[in-house]
1. How about region 117-132: which of its residues are in a loop (DSSP other than H, G, I, E, B), polar (S, T, N, Q) and either without any contact (Cβ under 8 Å) to a residue 12 or more places away in the chain or within 23 Å of Ser166 (Cβ to Cβ) (or both)?
2. Does region 82-94 include one or more residues that are surrounded by 15 or more Cβ atoms within 10 Å (Cβ to Cβ), in contact (Cβ under 8 Å) with a residue 40 or more places away in the chain and in a helix (DSSP H, G or I)?
3. Of all residues in region 95-112, which are free of Cβ contacts under 8 Å to residues at least 40 places away in the same chain, small (Gly, Ala, Ser) and closer than 21 Å to Pro69 by Cβ?
4. Could you list, in sequence order, the residues of region 167-196 that are buried (at least 21 other Cβ atoms within 10 Å of the Cβ) and under 18 Å from Asp132 (Cα atoms)?
5. Could you check region 38-63 and list, in sequence order, the residues that are at pLDDT 85 or above and crowded, with 20+ Cβ neighbours inside 10 Å?
6. Gly33 fails exactly one of the following numbered conditions: (1) surrounded by 20 or more Cβ atoms within 10 Å (Cβ to Cβ); (2) out of contact with any Phe, Trp or Tyr (no Cβ under 9 Å at 6 or more places or on another chain); (3) not in a strand (DSSP E or B). What is the number of that condition?
7. Criterion first (touching a residue at least 24 places away in the same chain (Cβ under 8 Å), crowded, with 20+ Cβ neighbours inside 10 Å and of a type in the set (Ser, Thr, Tyr)) does Thr72 satisfy it?
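The values are calculated or read from the model by the stated rules, or taken from the named source; none is laboratory data. Computed from a predicted model, the values in this text were never measured in an experiment. Glycine gets a Cβ as well: all are built from the backbone with ideal geometry, and neighbour counts include every protein chain shown.
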Amino acid sequence: MILKNKKIGVAITGSFCTFSQLFPQLEALVHEGAIIQTICSDSAQTIDCRFGNHDDFLQKIEAITGSPPIRTIPQAEPIGPKKLLDALLIFPCTGNTIAKLANGITDSPVLMAAKAHLRNERPLIISISTNDALSMNLKNIGVLMNTKYIYFVPFGQDDPEKKTHSMVAHTDRIIPTIEAALDGVQYQPVLISPKR
């Protein structure tokens, strides 16, 4: 297994509708033998919504990975100087996170983890989930696609008729995308539409 004993960070932001896809992917990464460290944004660790309770969510990710998530900026900062991760996946990656990452803003545990990790010139993988991918955030996605050490899980429109600007990642391709990124390659094809 390519990911056996690889230290993979999974940074989780507040696209709550995709959390049901997160758990099977965490389980798959663990099954591959990866050592998983989760990092939660402020929203992901504090907001209750129709998709679930934040306490239940935190308990479930800890049960799957065997370790508590990083929950603060100071906890995330050592990822860089201590070189704690081989690869970092942001899943789900909201439009808010995309915009801040593209513009060098570091105001959450997830963004600090990304900044700290990139200083080591190691792969950062983005699994997008945003309603403005084909509008306000298209320019930011373009910036990130042209940034060294940043890779994308293949993505496409999830509802072209009702949500014309929305795009989400094909999460079933997370593992091969991480494997390719560890070799310095963008998994292809990166644009697959529509996602249904």
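1. The answer is Asn131, and nothing else.
2. Looking for residues that are surrounded by 15 or more Cβ atoms within 10 Å (Cβ to Cβ), in contact (Cβ under 8 Å) with a residue 40 or more places away in the chain and in a helix (DSSP H, G or I), one finds none in region 82-94, hence no.
3. Those that are free of Cβ contacts under 8 Å to residues at least 40 places away in the same chain, small (Gly, Ala, Ser) and closer than 21 Å to Pro69 by Cβ: none in region 95-112.
4. Met167, Val168, Ala169
5. Selection gives Thr38, Ile39, Cys40, Ser41, Ile61.
6. (1)
7. In short, no.
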